[in-house]
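The values are calculated or read from the model by the stated rules, or taken from the named source; none is laboratory data. Just so you know, these numbers come straight off a predicted model, no measurement behind them. Cβ sites come from the backbone with ideal geometry, for glycine too, and all protein chains shown count toward neighbours. The accessibility values were calculated without ligands, DNA or RNA, using every heavy atom of the protein model including side chains. Shrake-Rupley method; radii C 1.70, N 1.55, O 1.52, S 1.80 Å.
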Amino acid sequence: MNSTEKDISYTSYNSYSTLNNLTQDTQRVWFVCHGMGYLSRYFLKYFKGLNEQDNYIIAPQAPSKYYQQPKMYVGANWLTRDNTLQGMGNIINYFDAIFKNESLPPKDKEFIVLGYSQGVSVALRYLAKRQIQCDKLIIHSGGIPKELESQDFKYLNPNCKVYLVYGNNDEYLTEERLKDEFEKAKALFPEQLKVCPFEGNHMVNVDFIKNL
């Protein structure tokens, strides 16, 4: 059997979700990338405790949806090991469209980028690729892509605050992996990094979000 895999380009459509309204009184705009198994509209529940007038939250939707056993809930996935570069290229185009539609980053408001779990990889890759400035960057319970290097983030304003957030009982974090993530984060953000462990497992730290 002689099989060939070919590439093709076509127009695709995707949704994204927002929480609250963007007004002149809005102080902070969030761009938040969910983890594996989420849908963007449900991921927004973790941000409902923020003041509605002050915060506008934008949650992109991972493109690959699937049924989760046993209750057949619909979840979504950002990337896999198969054709990662091509998949990330599609996500970059998708994020570009959101940034254009939402006029990001905002010129007169604080801009916060958060990646949770699998969302960390796409958030960091996009920032590095497009050299997006933000005021706060939250790396929450997710792995930093191995290909990223310190020069990829030298463009960041030195006043940007970077938070490495994780649960001290995270079932996906071994001591070896935690050490590896520390080293990668310190190499990328040597002067800006703040490590923020919390009591809990692999979960979104709502208290951290509220107190940020």
Exercise. What lysines could a cross-link reach from K65, if we take a straight Cα to Cα line under 16 Å and drop same-chain neighbours fewer than 8 places away?
Worked result: none
Exercise. Roughly how much of K45 is accessible, in Å² to the nearest 10, using a 1.4 Å probe?
Worked result: 120 Å²
Problem set entry | For K161, distant residues with modelled amide H under 5 Å away | K136, L137
Seminar exercise, completed: Here the range 118-127 yields Karplus 3J(HN,Hα) values (6.51, -1.76, 1.60; θ = phi - 60°; whole Hz; Gly and Pro given as x) of 5, x, 4, 5, 6, 5, 5, 5, 5, 4
Problem set entry | Amide H partners (placed H, <5 Å) of C196, local residues excluded | L164, V165, Y166
Exercise. In the range 61-116, what percent of the accessible surface is made up of carbon and sulfur (1.4 Å probe, ligands and nucleic acids excluded)?
Worked result: 51 percent
Seminar exercise, completed: In a Gaussian network model of the chain with springs linking alpha carbons closer than 10 Å, the residue among Q69, Q86, Q27 that fluctuates most is Q69
Exercise. What lysines sit close enough to K109 to cross-link, taking a C-alpha to C-alpha distance under 20 Å and skipping anything fewer than 8 places away on the same chain?
Worked result: K48, K100, K136, K161, K210
Exercise. So what J values fall out for the range 15-24 if you push phi through Karplus, 6.51 cos²θ - 1.76 cosθ + 1.60 with θ = phi - 60°, rounded to Hz, Gly and Pro as x?
Worked result: 9, 8, 10, 10, 10, 6, 10, 8, 9, 5
Exercise. When the Kirkwood hydrodynamic radius is evaluated over all pairs of different C-alpha atoms of the range 31-106, what value in angstrom, to one decimal, is obtained?
Worked result: 13.9 Å
Exercise. Measuring from centroid to centroid over Cα atoms, what is the spacing of the range 168-191 and the range 1-30 in Å?
Worked result: 28 Å
Seminar exercise, completed: With R₀ set to 25 angstrom, the calculated FRET efficiency between the beta-carbons of L178 and D82, to the nearest 0.05, is 0.40
Exercise. Going by accessible area, probe 1.4 Å, with all protein chains left in place, what is the ranking of Y10, Y155, Y42, largest first?
Worked result: Y10, Y42, Y155
Exercise. Can you give the helix-only mean residue ellipticity at 222 nm for the chain, where every DSSP H stretch with n ≥ 4 adds -39500 (n - 2.57) and the sum goes over all residues, rounded to the nearest 500 deg cm²/dmol?
Worked result: -8000 deg cm²/dmol
Problem set entry | Note, ³J(HN,Hα) from phi for the range 62-71, Karplus 6.51, -1.76, 1.60, rounded to Hz, x at Gly and Pro | 4, x, 9, 9, 7, 8, 9, 6, x, 8
Exercise. Rolling a 1.4 angstrom probe over the protein heavy atoms, how many square angstrom per residue are accessible across the chain?
Worked result: 60 Å²
Seminar exercise, completed: Residue span E110 to N90: 0.36 nm per residue of separation minus Cα-Cα distance leaves a gain in nm of 4.5 nm
Problem set entry | Sequence of M36, M88, M203 when ordered by accessible area, the most exposed leading, probe 1.4 angstrom | M36, M203, M88
For this session: Go through Y73, Y116 and list them by solvent-accessible area, largest first, probe radius 1.4 Å.
Result: Y73, Y116
Exercise. Computed over the Cα atoms of the range 85-212, what is the convex hull's projected area averaged over all directions, in nm²?
Worked result: 8.0 nm²
